[in-house]
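The values are calculated or read from the model by the stated rules, or taken from the named source; none is laboratory data. The structure displayed is predicted, hence computed values, not measured ones. Because the Cβ atoms are built from the backbone with ideal geometry, glycine has one as well, and the counts that use them run over all protein chains shown. The accessibility values were calculated without ligands, DNA or RNA, using every heavy atom of the protein model including side chains. Shrake-Rupley method; radii C 1.70, N 1.55, O 1.52, S 1.80 Å.
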Amino acid sequence: MTETGLQTETLPLDPAPVAPERDLMSKFDGLIAERRALLDSGVTDPFAIVMEEVRSPTEAVIKGRETILLGTYNYMGMTFDPDVIAAGKQALDRFGSGTNGSRMLNGTFHDHIEVEQALRDFYGMTGAIVFSTGYMANLGIISTLAAKGEYVILDADSHASIYDGCAQGNAEIVRFRHNSVQDLDKRLGRLPKEPGKLVVLEGVYSMLGDIAPLKEMVAVARKHGAMVLVDEAHSMGFFGPNGRGVYEAQGLDVDFVVGTFSKSVGTVGGFVVSNHPKFEAVRLACRPYIFTASLPPSVVATAAASIRKLMTAHDKRETLWRNARALHAGLTDMGFRLGTATCDSAIVAVILDDQIQAVTMWQALLEGGLYVNMARPPATPAGTFLLRCSICAEHTPEQIDRVLAMFRQAGQAVGVIG
C-alpha cells in the first residue's frame, strides 16, 4: 500500500529483455567480425577518419598530425575561396540557418532560385532542378523518368545512387558490361521497340577513374530510340571547354545531366539539368524532391557563387590536369599498378593485392602525413582493393613531390614496389 492507500504493482528494477524470434541485426555479424579483426590488428579504422582541423583545400590535421589531403573530391579547391565563403556568410545572416520545409512549400528562398539559374548559365540549358544531395538527384530523376513498362539500361559498374534510383522506380532494369559499347548495343537490340528507354552512363567512374566512351554509347542509344542521362559528378569543372563534363569534352548533346555540389563546387547538394521542354514537370512528380527539406540558404548561396566562378576557372583547370598527370606519371614510373594506363581524370587509383596490403599501405601513408581513400568491395568491382587519390587544383608542385616520396617510402616498406 502507498501513503494514499492505493495498491501499486511491483515491477522488477531491471526486467530481462525479451529475445525476438529473429534478431534483425544478426545479418551484420560477419561485417562486425571483419571490422573487429581489422581493428585488432592495430590499424586505424580507414572508414572512421576525423578531420580535427581543415586548414585549406589540401591540408588538414588528422590524429594531431599535419596531413596532405589526397582523398577528397575537392577537385577545384573551392571550399576556401573567399568569394564563396562570403556568399555563404551573407545568406546565413539574411535568411538564417535553415528552411524548415520542402521546395514545394516554404523551402524555396532567393538563393535556391539563384543557384538554379547559375546552373542554367553554366550548362547552357533551359532547365535545372536542385536536390539536397547528389545521391538524391539520381534517386529522384531515375525513379521519376522511367515508369512501369519502361526500361533503364545502365553500366554494371554504376554508382550506388544510380542502382538505388532504379530500385525506387518501377521500370525494368537491364545491365550491360562496363564501358562495353557492343554489349550496350546488344542489350538495347533485344528490347521491344515501343516502350520508353533511358540509358544511364557516367562520365568518370569514381573508383578507377576511367572515363566512358560516351560518343559511341550515345550514338548506340540514339540508334535504338533511347534517351540518355549522364552523371558528370566526377568531371564537372574541368572536363570540356566550359568545364561541363565528359559529354562536353566529347562534343555531345544528351537529354539529362546529373551532378553534385560536393565535388568541384565545394559544398553539398545535387542537381539535374536538361533542355527538354517538359523538364519542369519533374518537380511535380519526383518524390525525393517533393518530400524532403530543401538545402539551407547558406549552402545554395555558396554553390551559386562557386558555379559562377567555375565558368571562367580556366587556369584552375589547367593546374588540376598538370597535377593529375604528374601524380599518374610518378606512380607509374615507381612500378605501382594503377586503375588506368593513362591519366584519364583527376582520380588516380592504386590497385593492391588484397585488403591486408591495402590497409597496411593506407596506414603507412597516413602515419607519414598523407590521407587517401581506402576502397574495397562492394564500392569497388569484385575482388578489387585500392587506394584512391583525388587530385586538387590547389595542390602545389611541392606537395605532389612530397606525395610521390611518401608513396615510394610506404610502397617499399609494405613490399608493393621494389
Notebook entry, point to check: When the accessible area of the chain is computed with all protein chains present and a 1.4 Å probe, what percentage of it is carbon and sulfur?
Noted result: 54 percent
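Could you list the chymotrypsin sites (Phe, Trp or Tyr not before Pro) in region 245-318 that lie in coil according to DSSP, counting only those with at most 11 other Cβ atoms within 10 Å of their Cβ?
Working: sites: Tyr247, Phe256, Phe261, Phe271, Phe279, Tyr289, Phe291; in loops: Phe261, Phe291.
Sites meeting the loop and neighbour criteria: Phe291.
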Next item on the list: Take the alpha-carbon centre of region 69-145, take the same for region 245-311, and report the distance between them in whole Å.
Entry: 7 Å
Next item on the list: Answer with a single label: of (1) 20.8; (2) 28.1; (3) 19.0, which was calculated as mean projected area of the Cα convex hull in nm² from the structure in view?
Entry: (2)
Notebook entry, point to check: Under a 1.4 Å probe, what is the accessible area of the chain per residue, stated in Å²?
Noted result: 47 Å²
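For region 159-210, what does the convex hull of the Cα positions come to per residue, in cubic angstrom? Spell out each step's value before the answer.
Working: hull volume 4.4 nm³, N = 52.
With only Cα atoms used, region 159-210 gives 84 Å³ per residue.
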Note to self: Considering all alpha-carbon pairs of region 276-418, what whole percent are spaced by more than 22 angstrom?
What the structure shows: 53 percent
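When only Cα pairs under 8 Å and 6 or more residues apart are kept, what is the percent relative contact order across the chain?
Numbers: 802 pairs, mean separation 88.8, N = 418.
Relative CO of the chain lands at 21 percent.
Using the structure shown, list the pairs from Lys278/Lys309; Lys215/Lys309; Lys263/Lys316; Lys186/Lys278; Lys197/Lys223 with a Cα-Cα distance above 19 Å, or answer none. Write down the numbers at each step before the final one.
Details: Lys278/Lys309 29 Å; Lys215/Lys309 28 Å; Lys263/Lys316 14 Å; Lys186/Lys278 30 Å; Lys197/Lys223 12 Å.
From the list (Lys278/Lys309; Lys215/Lys309; Lys263/Lys316; Lys186/Lys278; Lys197/Lys223), the Cα-Cα distance tops 19 Å for Lys278/Lys309; Lys215/Lys309; Lys186/Lys278.
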Next item on the list: Evaluate the relative contact order of region 274-418 (contact order divided by residue number), counting alpha-carbon pairs under 8 angstrom at least 6 apart; express in whole percent.
Entry: 23 percent
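Rank these by accessible area, largest first, 1.4 Å probe: Lys148, Lys263. Kindly include the intermediate steps, with their values, before the conclusion.
Details: Lys148 175, Lys263 30 Å².
Greatest to least solvent exposure: Lys148, Lys263.
Hey, got a sec? Which GluC sites (Glu not before Pro) in region 17-77 land in a DSSP loop and have at most 10 other Cβ atoms within 10 Å? If you can, show how the numbers build up before the last one.
Numbers: sites: Glu21, Glu34, Glu52, Glu53, Glu59, Glu66; in loops: Glu21, Glu52.
Counting only loop positions with at most 10 other Cβ atoms within 10 Å, the GluC sites (Glu not before Pro) in region 17-77 are Glu21.
Looking at region 333-406, which trypsin sites (Lys or Arg not before Pro) are in a loop (DSSP not H, G, I, E or B) and have at most 15 other Cβ atoms within 10 Å? Mind dumping the intermediate values first?
On the way: sites: Arg337, Arg388, Arg402; in loops: Arg337.
When the trypsin sites (Lys or Arg not before Pro) of region 333-406 are filtered for loop state and at most 15 Cβ neighbours within 10 Å, Arg337 remain.
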